[in-house]
């Protein structure tokens, strides 16, 4: 029995030393790739021509179950899972909203665009984007999303001018969290390209 104890003790010590020698890897902080190149003009309404129409873009609505630091994907129709040891570097709804505004600025170079609050400026129109769902389905490596674009006038009592809906299924380049983020950036670009003619037409 004593011999068995003497054999177990070194084995436990070796195991503890091995655990100490293998630290937990640093967490991965994930950001959305830019949906569009940085605009060459300042984003403030005062920096563009006085005649430029002003568009206010509200914060993008995404599913509540995705609003978390962990990067979540759809494991199946009823189950969410998370990429291991991976976190959004910023709140995902803020990143999606910022990149959507950036992509719109590229699509609408003759417009002034403000994010939610336009200060003393009265917007000609207001745009609200809902991306529900916006699910990365890991089994098929696809981002599945439905976009609802609601364009309203800029009056004190806003009236809806136009509503359009689009569905998207976008393939990811790989089975990775980074490819998941890139698919979201591609989605943002495509939605901005759909929104731009809708906005221009409503201005005519």
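The values are calculated or read from the model by the stated rules, or taken from the named source; none is laboratory data. Since the structure is predicted, the reported quantities are computational estimates derived from the model, not experimental observations. Cβ placement follows ideal geometry from the backbone for every residue including glycine, while neighbour counts extend to all protein chains displayed.
Here residue 156 passes the criteria (1) modelled with pLDDT of 95 or more; (2) surrounded by fewer than 13 Cβ atoms within 10 Å (Cβ to Cβ); (3) not in a strand (DSSP E or B) except the one numbered (1). None of 103, 145, 185, 181 is in a helix (DSSP H, G or I), in contact with a strand residue (DSSP E or B) (Cβ under 7 Å, 6 or more places away or on another chain), on the phi < 0 side of the Ramachandran plot and surrounded by 15 or more Cβ atoms within 10 Å (Cβ to Cβ) except 181. Residue 198 falls short on exactly one of the conditions (1) assigned to a helix (DSSP H, G or I); (2) within 17 Å of the chain's Cα centre (by Cα); (3) without any contact (Cβ under 8 Å) to a residue 60 or more places away in the chain, and that condition is (2). Of all residues in segment 115-137, those satisfying the criterion of being part of a loop (DSSP other than H, G, I, E, B) and surrounded by fewer than 19 Cβ atoms within 10 Å (Cβ to Cβ) are 116, 117, 119, 120, 121, 122, 124. The conditions of being surrounded by 11 or more Cβ atoms within 10 Å (Cβ to Cβ), at pLDDT 50 or above and farther than 30 Å from residue 177 by Cα are met by residue 55. Reported count of residues in segment 72-96, each being modelled with pLDDT of 95 or more, more than 25 Å from residue 190 (Cβ to Cβ) and not in a strand (DSSP E or B), is 0.
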